Amino acid sequence: MRERVIGKLRALNLNIDAYTTKDGTKMFVRISAPNTILQYEAEQQLVRLRLREEFGGALCAFSQELDEKNAFDKPLDGFELFSSANQLSMIKEVVYSEPYDDGVAQDDEPIDFDTLIQDEVAIAYFPLHHDRMRLKLLNEWARTFGKPQPLEMVREYFGEKIALFYTWYGYYITMLFIPGLVGIALVVSQFYYYPESQWLENPYTPIFAIIMSVWASMFTQLWQSLETTRKYEWDTLEFENQESVREEFKESGDTLKDEHIDEVTDEVVDYYFDEGSYLPPTGRARKQLLTYLVILAINIAVVVAFVFIWTTISLPMMEPGNVLVGSIVSGVLNSVITILVDATMDGIAELELVGAMHHLIMQENWRTATEHEDALIMKTFYFKFAAKYFALFMVAFGVNNVQLLGEDARCPEWDCLPVLQIMVCTIVVVDILYSLVVQNVFPAINKYFDGLADNAALKARAGMKIQLTPQEEQYDWLDPTPVVDLYKDKIYQFGYIAMFGSVFPLIVPLCLLQNLVEIRARAAALLTKNRRPEPAVAADIGPYQSVLEIISTLSIITNSAMIGITGYGFYFYFPDMNPVDCLWVTVVLEHALLLIKILIINLFPSDPADAKLAWTTAQERKKQQLAKWNMVERTLDNIQ
């Protein structure tokens, strides 16, 4: 079987370098491609390279004629024409392609390493790091804390998908400086001007809550502008329209192959799966209905668990003037339940544990990788929102107004603000500590148990010195965390800050400090502890943008209600108000902040004119230069 696979790779005109490890337990096969094959494949696969600045600087489909005119810019990793990421993408396409039918070979099926690994014929298939570029990124990105991220280098090495995440992550950290510094100023003013107050409640608290609401609205709108700018700069505007069909969709037993006739074009569709309906449940809708029922059951269980914790564990520990222990216990137990729910539904990538949500979304049989990820993101949000935030909403706005399990479960002296402050602080701290465990402890555990099953690792652990090649070394590294999972912790941390940051302002600088360290630590791990991810394209952050919009809108409601209902912020300005007057002021403030949000949306358009103009100008210059050379760019539309 091994010789047959290697023979197929050589038949595809790829360079093969095979050797057996010194301990005799494995054979490594390094695959590369000669420049002639790369040029041919680049032309066939419509690989786009960036033209030199004098020719417009736009991305243009590769052709050997343009290469002869020295039209393309050199990549940042030192190669003459194709970056290492381009080469990886092209080689993978060749490896998985059907071999040339010479009419003689009997075994003409394409290679499928996923199947080979599943059948235990192969043990791994992964792209190697490019040492020169990896060291450059280590020195200029992972190990530098005072410099901006070299995002263009990150994009060229890892692809647009990872580069977009680090663009968002850097933007998130930059935006945290605003509420972080204001929060510190608020705490300082508390101790300086109001030292007699036990909790963070002073005339500046309502102002900080308003700032947090406006900040959350600014955050989402300015990100849309930056994201669109990246679309223009990286020319990913049409990516989702040109995205290929998932192999899992093609191979699914639910997918109709060459059977369905398109109602518009009257042509037979290669692969088709009916969207169906919910009543009666058919097609994809039936499978989604199952997902929603599971999410509903999880949410009900979470709500019941939180109510039980509050009424039977936390509240009995509290008394007037002493709510510290009960609030900490409530926050810790809330975090434990959240972690368990996440592990069950989401899984833990660092421990190679796959969650139930992954299997449910796989059953929904989405056509493209983007559609699959979009469904995963939104349906994950539906259960994560309840798991992460319900307990805080319940304490802030529910327990003083609604009976729980038929009993009066209000806060001591009807004052939930100190309880909420301690719970928010506890939950955020536990969240940060758990994040550190996930990033540092879980990978070590995973590597340890993988090493126990590896004979070479056992020998090395026993003191036998073995000089490892890059292939052997990177084989022992961990699989990279999927990009869709990288956003999760930060998106929901944004939720804590935007919706409840005004309750305990110090959580903002705490999160800022954590992320300043973590962004470089993640980059270092990606370059020194993780196998290189396969380069991937993404045009945007997908439904995570919708999640941010929901959170930013809710932040207006929560911040308004916390200073007018949960806290006493308005009474500093209107001491003679009664509760009804306070409620009216809260409603007026909420509507005013919603109007400010609408104003922000109109003042900061999500489609920046300067970025669009720069892209349009580059495209026009490209067309003019191609016309000057009497050439037409090959595109999917032209071929079709």
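A short reminder: the numbers here are calculations on the coordinates, not readings from a lab. Here the structure is a predicted model, which is why all the values come from computation and not from measurement. No Cβ is skipped: glycine too gets one built from the backbone with ideal geometry, and neighbour counts run over all protein chains shown.
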Item to check | Phi-based couplings in Hz for region 513-523 (Karplus 6.51, -1.76, 1.60; Gly and Pro marked x) | outcome: 4, 4, 6, 4, 7, 5, 4, 6, 5, 4, 5
Checklist entry - Sorted by mean Cβ packing within 10 Å, highest first, what order do the peptides 175-182, 46-53 take? => result 175-182, 46-53
Next on the checklist: Please list, in order along region 320-329, the HN-Hα scalar couplings obtained from phi with the Karplus expression 6.51 cos²θ - 1.76 cosθ + 1.60 (θ = phi - 60°), rounded to whole Hz, x for Gly and Pro.
Outcome noted: x, x, 9, 10, 4, 5, x, 5, 5, 4
Checklist outcome for this item: Residues other than residue 564 with Cβ under 14 Å of its Cβ, Lys/Arg counted +1 and Asp/Glu -1, net out at -3
Checklist entry - Using mean Cβ contacts within 10 Å as the protection proxy, how do 423-436, 22-35 order, highest first? => result 423-436, 22-35
Next on the checklist: For a quick check: sort 318, 357 by the number of other beta carbons within 10 angstrom, fewest at the front.
Outcome noted: 318, 357
Item to check | Net dipole in debye of the chain [+1 Lys, Arg Cβ; -1 Asp, Glu Cβ; about Cα centre; nearest 20] | outcome: 2140 debye
Item to check | Per-residue [θ]222 nm for the chain (sum of -39500 (n - 2.57) over DSSP H runs n ≥ 4, rounded to 500) | outcome: -18500 deg cm²/dmol
Item to check | Ranked by how many other beta carbons lie within 10 Å on average, peptides 472-478, 13-19, 226-232 from highest | outcome: 226-232, 472-478, 13-19
Checklist outcome for this item: Listed by chain and number, the residues whose amide H is under 5 Å from that of residue 532, excluding neighbours fewer than 5 places away on the same chain and using placed H, are 129
Checklist entry - Check residue 260: other-chain or 5+ apart residues with amide H under 5 Å from its amide H, H built from backbone geometry? => result 269
Checklist entry - Quick one: net charge of residue 485's neighbours, Cβ under 13 Å, K/R +1, D/E -1? => result -2
Checklist outcome for this item: A student applying the Cα gyration tensor rule (rounded when a/c is under 1.5; otherwise prolate if a/b is larger than b/c, oblate if not) would label region 1-79 prolate
Next on the checklist: Cut-off is 10 Å between beta-carbons; in what order do 582, 411 appear when sorted fewest neighbours first?
Outcome noted: 582, 411
Checklist entry - How much length is gained on full extension from residue 17 to residue 1, taking 0.36 nm per residue of separation minus their Cα-Cα distance? => result 4.1 nm
Checklist outcome for this item: The ³J(HN,Hα) series, computed from each phi in region 567-581 with the Karplus coefficients 6.51, -1.76 and 1.60 at θ = phi - 60°, rounded to the nearest Hz and given as x for glycine or proline, is x, 10, x, 5, 5, 5, 9, 10, x, 8, 5, 9, x, 5, 4
Item to check | For the chain, the Rg and Dmax computed from alpha carbons only, in angstrom | outcome: 28.1, 95
Checklist entry - Taking a Cβ-Cβ separation under 4.7 Å as the criterion for a possible partner, which cysteines of the chain have none? => result 60, 425, 511, 582
